[in-house]
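Derivation of every value follows stated rules applied to the coordinates shown; laboratory data play no part. If you're wondering where the values come from, they're calculated on a predicted model, not measured in any experiment. No Cβ is skipped: glycine too gets one built from the backbone with ideal geometry, and neighbour counts run over all protein chains shown.
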Amino acid sequence: MSSDKMYDLIGVGVGPFNLSMAALLEDHPEVDALFFEQRSSFDWHPGMLIEGTKMQVPFIADLVTMANPKSHYSFLNYINEQGRMYPFYFLQRLDIPRREYNDYCQWVAKQINACQFSSRVDDVRYIEDNETYFELNVIDTETGDKSVYKTKHILLGTGSSPVMPDSFDRLPKEDVFHTAHFKDHLERCRTARSITVIGSGQSAAEAFRELLKEQREHKFRLDWITRSPGFASMEESKLSLEHFSPDYVDYFYNLPQSKKDEVFATQGLYYKGISTHTVTDIYDLLYEYSVGGEVLDVGLQVLTEVDGIHQKAEGEGYEIACTHHQEGTSFIHETEVVITATGYKPYVPAFINSLQDLIQWDDQGRYKVKADYRVEKTKEVKNEIYVHSGISHTHGVGSTNLGLAVHRNKMIINHLLDKEAYPIPDQNVFQNFKPQS
């Protein structure tokens, strides 16, 4: 199916960032927009929607409030329409359950007709005819039907994908899997004789904590291995959190690219560490389990590099080659199930290849991005590629932080409408990131 209709904006992917844009654009009917998502419904990191896990940002970092607190799509209105206002009031918390954030986003997505699910964007081409525009091929993942859409601008919100070392990725998925699929394999874990978690970030800690809760009931050996010096807490002090502000984004953006890469490499604990409450939960469980001199069938191994893995020649399980990188000693760790918390990388869809000649790339193969989230192009054209994904190298540590989603969309909408639809304050934090004259 083809249509001659020209949209103002088409978004690719419906995660929190693009869903926020779709919700905000409900207040701007002059913008004709569509958003395509290949999944059948909104589902945010379903493999890690563990009961008891909390969001790492306050509920005010919802899809709309920082731009329009009066919006129908605010989290507080969701709570009100669910009949949960008093339970939420008595909860007395800024952070909310991760499962509730996902339910809130599903509530929003179901109300916005511009969000089209089961729709995979298969290709995007830049057309230069009587007018210039982008042409998108879209496949209905349920019926296989193909459609063609035209738009003046596109917005990439394709998120990230799990990273697995090659030697791990080739092994049976039921035994060796990424934390992104943790809930899918929880029953398998309960039947295992031994489980090893590799990595030291929040996802690793949450998987370990969940397994630790069940370890004594299901009688499996539980190990946690990291190359880090320790299981470090995330930097969560209030002044440190100001690094997730528009002010710091602006400061970071204006650094030379070589300095950005250098600085970003030192900021892991702003976004890669473990929440203090998660570390506390784990320690409290270990302490309680050890009462009365009980011997724990649990191991926490730091300073250890995982060099490789192979399936045991006989019997079930795997041998993991490890090196203690301070002592320089090597050893083999045996386990039946392996859970890797080896991070995520920006998902760059294959259709970007069709736009290679229009996009400017840096010397590391990353697209160049302007301060207002437009991809830099090789020629002056009026059609824009706005981006939410893969911009840590240009916009820094807050690029995947939900607390900046609305700010980013405000800037994109302002540019899209060529007016200040949303004021952008000059000062949002107490500290200065650059010298004051």
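What's the angle, to the nearest 10 degrees (0 to 90), between helix 202-218's Cα axis and the longest principal axis of the chain? Helix 202-218 and the main axis of the chain meet at about 40 degrees. Projection of the Cα convex hull of region 124-261, averaged over all directions and equal to a quarter of that hull's surface, yields 15.4 nm². For the chain, the relative contact order works out to 20 percent when only alpha carbon pairs closer than 8 Å and six or more residues apart are counted.
Based on C-alpha pairs under 8 angstrom that are at least 6 apart in sequence, region 151-231 has a relative contact order of 26 percent.
For region 385-437, what does the alpha-carbon gyration tensor say about shape, rounded, prolate or oblate, given a ≥ b ≥ c as the root eigenvalues, a/c under 1.5 as rounded, and a/b over b/c as prolate? Because a/c hits 1.5 or more and a/b fails to exceed b/c, region 385-437 counts as oblate.
Between region 44-117 and region 284-306, the alpha-carbon centres lie 35 Å apart.
Relative to the longest principal axis of the Cα atoms of the chain, the long axis of helix 98-109 makes an angle of roughly 20 degrees. The Rg/Rh ratio for region 262-354 is 1.07, where Rg is the radius of gyration of the alpha carbons and Rh is the Kirkwood radius. Each Cα pair under 8 Å and six or more residues apart adds its sequence gap; the mean of these over the residue count of region 1-126 is a relative contact order of 37 percent. If you run the Gaussian network model on the chain, springs between alpha carbon atoms under 10 Å, then out of LEU239, LEU269, LEU358 the most flexible one is LEU239. Annotation for region 263-320: GluC sites (Glu not before Pro) lying in DSSP loop with at most 15 further Cβ atoms inside 10 Å of their Cβ are GLU294, GLU314, GLU316.
For region 165-218, the C-alpha radius of gyration divided by 2.2 N^0.38 Å, with N the number of residues, is 1.10.
Taking a cut-off of 21 Å between Cα atoms, list the lysines near LYS152, but don't count ones fewer than 8 places away on the same chain. In chain and number order, the partners are LYS5, LYS368, LYS370, LYS377, LYS379, LYS382, LYS410, LYS419. Each part reduced to its alpha carbon centroid, region 151-219 and region 308-373 end up 13 Å apart.
Applying the Kirkwood pairwise sum to the alpha-carbon positions of region 1-131 produces a hydrodynamic radius of 16.3 angstrom. Of the trypsin sites (Lys or Arg not before Pro) found in region 36-76, those in coil by DSSP whose Cβ has at most 13 other Cβ atoms within 10 Å are LYS70. Of the GluC sites (Glu not before Pro) found in region 17-95, those that fall in a DSSP loop while having at most 14 other beta-carbon atoms within 10 Å are GLU30, GLU51.
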